[in-house]
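What follows draws every value from the coordinates through simple rules; no lab data is involved. Everything numeric here is computed off the predicted structure, so don't read it as measured data. Please note: Cβ atoms are built from the backbone with ideal geometry, for glycine as well, and neighbour counts cover all protein chains shown.
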Amino acid sequence: MRKAAVTLIAALGLVSDRSRQMANTRSLPESPRLKELRPGLFALRGWVGWTHLLIDDDGVVLVDSGFAGDLRRLQGAITGLGFQPHQLKAILITHGHIDHTANAAALQAWSGAKVYAPAGDELHLDGRYAYRRAAKVCGLLKFLGRGLMRYRPPKVDVWVRDGDELPFWGGLHVVGLPGHTEGHVGYYTASKRVFFVGDTFAVSFRIALPPAIPSTDAALARESFGKVLDYDADLLVPTHYFSIDEHTIDRVRAKAASLNLKR
Ligand SMILES: [Zn+2]
């Protein structure tokens, strides 16, 4: 299986020879839903988006926590990669929407992981956010969804803000990317040139800004889209995508230019 995983990565042409050697350190568990984007960076496909697993020497860190129905897959991916539950060190939430937070409390109870979430999204995380005008229908759907899923908010250990530094995966920098929600953040690593951008945009047939509903502030969301390009990254990692690779950033630049977002 390990050999097959390395061959797959090599065939994708995403990594260097040295990185191929490093890829041997963790092998892919049997799951067509789990991909290794880079050595030490796995993506698990859930019902509505991807959850990302960042591999450190002493454990694993999640970016977001998936949606209803993703919990067992997430637990299986973590243990399948050779980690014990207690080695899930942290869950980093990009924003408080339920398709990013649904399993945070259950994973926290399973592992003891610390939850990091953006200050400014407290009401979203608690399920108490009051949507206004047309977005009220989203509030109603989320209310019903929380009831069906028996949503439990996680206990947030650390509220993060723009500029914070986190001691994971070689050092992660918290970047405020407000608009989709008030507190929305991304997590950027300069050493690996990877930027987790949450719902700042999605990559489907085209690069899509977050929809105006349920976003809080569409103008701010556009600004945050442009801000992503201020960072030296060669892999941009949103939550919702068909596929991403090192060329995604060119498509993001083209979209920013078409939106007149000059940086
Ligand atoms: Zn969202």
Evaluate E = 1/(1 + (r/R0)^6) for Arg72 and Leu259, where r is the Cβ-Cβ distance and R0 equals 41 Å; express this FRET efficiency to the nearest 0.05.
-> 0.55
Charge sum, other residues only, whose C-beta stays under 10 Å from Ala109's C-beta, Lys/Arg counted +1 and Asp/Glu -1 | +2
Lys and Arg at +1, Asp and Glu at -1: neighbours of Phe242 with Cβ under 13 Å from its Cβ sum to +3
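Please identify the chymotrypsin sites (Phe, Trp or Tyr not before Pro) of region 228-263 that satisfy two criteria: DSSP loop assignment and at most 10 other Cβ atoms within 10 Å. Which are they?
Working: sites: Tyr231, Tyr241, Phe242; in loops: Tyr231, Phe242.
Within region 228-263, the qualifying chymotrypsin sites (Phe, Trp or Tyr not before Pro) (loop, at most 10 other Cβ atoms within 10 Å) are Phe242.
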Return the subset of Lys35/Lys227; Lys89/Lys155; Lys192/Lys227; Lys192/Lys255 for which the Cα-Cα distance in this structure is over 26 Å, preserving the input order.
-> Lys35/Lys227
For region 37-105, calculate the relative contact order in percent as a whole number, restricting contacts to Cα pairs under 8 Å that are 6 or more residues apart.
-> 31
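Taking the mean number of other Cβ atoms within 10 Å as a proxy for protection, how do you rank 194-205, 103-114, 175-186, 75-86 from highest to lowest?
Working: 194-205: 22.5, 103-114: 20.1, 175-186: 25.7, 75-86: 16.4.
For the peptides 194-205, 103-114, 175-186, 75-86, the packing ranking is 175-186, 194-205, 103-114, 75-86.
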Order of Leu71, Leu125 - criterion: other Cβ atoms within 10 Å of each residue's Cβ, fewest first | Leu71, Leu125
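Compute the signed sum of charges (Lys and Arg +1, Asp and Glu -1) over the other residues within less than 11 Å, Cβ to Cβ, of Val156.
Numbers: positive: Lys114, Lys155; negative: Asp121, Glu122, Asp126, Asp157.
Net of charged neighbours comes to -2.
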Region 92-114 residues near the modelled Lys155 label - backbone nitrogen below 20 Å, point 7 Å along Cα→Cβ = 92-93, 101-114
Estimated distance in nm for a label pair at Phe205 and Trp110, the labels positioned 7 Å out from Cα along Cα-to-Cβ | 3.5
